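One structure is given here, and the rest of the page talks about it.
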Amino acid sequence: MYDRAHMPFRVVDHPLVEVLVSQLRDKSTEPAHFRVAAGKLAELVIVEATRNLATEPIVIETPLSRCTGARFVRGLAVVPVLRAGLSMLDPALRLFSDVSVGYIGLERSHATAIASSYYCNLPNLHDRDTLLVDPMLATGGSASQAVSLLKGNGASKVVLASIVAAQAGVDRIGQDHPDVEVVAAALDPNLNAQKYIVPGLGDFGDRLYGTL
Ligand code: PRP
Ligand code: URA
């Protein structure tokens, strides 16, 4: 049977997501408003991206009776790709309590759009599911490098949560890391000559931190 929840790429289908993405896309949205809308979107995307986390049944007592509840089988590691991914860290920490946090610093060259690594600090990922957060998936080069670093540190199950994904980036992750699920708030068709997503929203990090 067609199982939408296990598709390797999916877009969160919700009117609130559509409205919030429109606010981020709008070039007149100021950084303060951009940060708020990005935080809300990140929560919505992360909820969908963690849909397949394994749970196990537990017995709990409510004030009225005994019933069966659930708890997570494994802890979660959340790894933002600096800088822009930081916008998705607090939303993840609001949602999940048993969390280890790692950081990967990657920066795309303005000339080549190829990302180089300037920082990597990861917890042991062997015993945890790993949620990689980066709001922009353009060529997919940064995310592909980030996933390789995670796997090199023991990650076996990785999910990438993004806000805007370009088809080229989705295809790149599908080729380089077919085992990685990708969940985004929007899928855009094109990249321009500088490898920015079109229509996209511009440079996420610059709009988030007012560094335009
Ligand atoms: C952005 C974004 C991704 C990357 C996506 O980061 O946050 O990491 O570009 O592009 P790609 O899919 O073509 O690799 P950027 O390098 O601009 O750094 P920043 O977050 O510090 O602004
Ligand atoms: N990084 C961004 O912030 N925006 C893009 O469109 C592509 C990469």
Cα-based helix-to-principal-axis angle, 141-152 vs the chain, degrees rounded to 10 | 40 degrees
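Please rank 103, 119, fewest neighbouring Cβ atoms within 10 Å first, as an exposure proxy.
Ordered by Cβ neighbours within 10 Å, fewest first: 119, 103.
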Inter-part gap, Cα centre of the range 25-80 to Cα centre of the range 164-183, in whole angstrom, is 22 Å
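Given only helices, namely DSSP H runs of n ≥ 4 each adding -39500 (n - 2.57), what is the per-residue ellipticity at 222 nm of the chain, to the nearest 500 deg cm²/dmol?
-9000 deg cm²/dmol
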Percentage relative contact order, the chain, counting C-alpha pairs under 8 Å, at least six apart | 23 percent
In degrees, nearest 10, range 0 to 90: what is the angle between the Cα axis of helix 31-49 and the longest Cα principal axis of the chain?
-> 50 degrees
For the chain, the longest principal axis of the Cα atoms and the Cα long axis of helix 167-176 enclose an angle in degrees, to the nearest 10, of 60 degrees
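Of the listed peptides 179-185, 135-141, 36-42, 147-153, what is their order by residue-averaged count of other C-beta atoms within 10 Å, with the highest listed first? Write down the numbers at each step before the final one.
Numbers: 179-185: 22.6, 135-141: 25.0, 36-42: 20.6, 147-153: 17.9.
Listed from highest to lowest mean packing, they are 135-141, 179-185, 36-42, 147-153.
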Mean 1/r over distinct Cα pairs of the chain, inverted to a Kirkwood Rh in Å, yields 17.6 Å
Paired Rg and Dmax values of the range 1-96, which use every Cα atom, in angstrom = 17.1, 53
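Only the coordinates and a few stated rules stand behind these numbers; no lab work does. Predicted model, so just to flag it, every value in this text is computed and none were measured. Using ideal geometry, Cβ is built from the backbone for each residue, glycine included, and neighbour counts are taken over all protein chains shown.
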